[in-house]
1. If we keep just the residues of segment 70-99 that are in a loop (DSSP other than H, G, I, E, B) and over 14 Å from the mean Cα position of the chain (by Cα), which is modelled with the lowest pLDDT?
2. I'm trying to understand the selection: among the residues of segment 49-69, which are at pLDDT below 95 and closer than 19 Å to L102 by Cβ?
3. Looking at this structure, is I24 modelled with pLDDT of 95 or more, touching a strand residue (DSSP E or B) at 6+ places or on another chain (Cβ under 9 Å) and within 28 Å of S84 (Cβ to Cβ)?
4. For segment 1-42, name all the residues that are among the hydrophobic types (A, V, I, L, M, F, W, C), surrounded by fewer than 18 Cβ atoms within 10 Å (Cβ to Cβ) and under 27 Å from F62 (Cβ atoms).
5. Please go through segment 26-69 and pick out each residue that is free of Cβ contacts under 8 Å to residues at least 40 places away in the same chain, outside any loop (DSSP other than H, G, I, E, B) and of a type in the set (A, V, I, L, M, F, W, C).
6. List the number of the failed condition for L102; all other conditions in (1) of a type in the set (A, V, I, L, M, F, W, C); (2) more than 11 Å from the chain's Cα centre (by Cα); (3) over 18 Å from L44 (Cα atoms) hold.
Amino acid sequence: MKEGDLVIVPMPQANGMIKDRPAIILREMPPFRDALLRGVSTQLRHITKDFDELISPGDADFLSSGLKEESLIRLGFLVVVPRSKIAGSIGSISSERHKRLLQRLSDYLMQ
């Protein structure tokens, strides 16, 4: 697995439950290569304009993502997990989208 891959991983929910969810590996974190993940959701109503990003069937990287329907890539849904917790990869996003997501996160953190 590498940065930009969509993976399935147990992630905490707002209600405290843990649920297997799709997520994107944004970065490997030192020193143990833990994964900084950004959650993906089909709950499009939770979109934060100019912050989150939609990935749709018409997008060039949708098929390679492994997603089955239009989904929301949520910038505010971040978690760091050990690689051993990642169940597996279902696909990947384009390098352009990956760079854009990293830049948006960086810009937000630098405000």
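1. In the first step, residues of segment 70-99 are kept if they are in a loop (DSSP other than H, G, I, E, B); the result is 70, 82, 86-87, 93-94.
Then keep just the ones that are over 14 Å from the mean Cα position of the chain (by Cα); that gives 82, 87.
Values: P82: 95, A87: 92.
Checked segment 70-99; the qualifying residue modelled with the lowest pLDDT is A87.
2. Narrowing segment 49-69 to residues at pLDDT below 95: 49-51.
D50, F51, listed by residue number.
3. Values: modelled with pLDDT of 95 or more: yes; touching a strand residue (DSSP E or B) at 6+ places or on another chain (Cβ under 9 Å): yes; within 28 Å of S84 (Cβ to Cβ): yes.
Spelling it out, I24 is indeed modelled with pLDDT of 95 or more, touching a strand residue (DSSP E or B) at 6+ places or on another chain (Cβ under 9 Å) and within 28 Å of S84 (Cβ to Cβ).
4. Within segment 1-42, M1, I8, A14 qualify.
5. Residues of segment 26-69 free of Cβ contacts under 8 Å to residues at least 40 places away in the same chain: 28, 30-31, 40-50, 52, 54, 56-64, 68-69.
If we keep only those that are outside any loop (DSSP other than H, G, I, E, B) too, we end up with 28, 40-41, 44-46, 54, 62-64.
Residues satisfying the conditions are V40, L44, L54, F62, L63.
6. Status for L102: all satisfied but (2).
Conditions tested, residue by residue: (1) under 24 Å from A14 (Cα atoms); (2) loosely packed, with under 14 Cβ neighbours inside 10 Å; (3) in contact with a Ser or Thr (Cβ under 7 Å, 6 or more places away or on another chain).
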residue: K68; (1), (2), (3): yes, yes, no
residue: F77; (1), (2), (3): yes, no, no
residue: P82; (1), (2), (3): yes, yes, no
residue: K85; (1), (2), (3): yes, no, no
residue: G88; (1), (2), (3): yes, yes, no
residue: E96; (1), (2), (3): no, yes, no
residue: K99; (1), (2), (3): no, yes, no
residue: R104; (1), (2), (3): yes, no, no
residue: M110; (1), (2), (3): no, yes, no
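The values are calculated or read from the model by the stated rules, or taken from the named source; none is laboratory data. Since this is a predicted model, take the numbers as computed values, not measurements. FYI the Cβ positions are ideal-geometry reconstructions off the backbone, even for glycines, and counts take in every protein chain you see.
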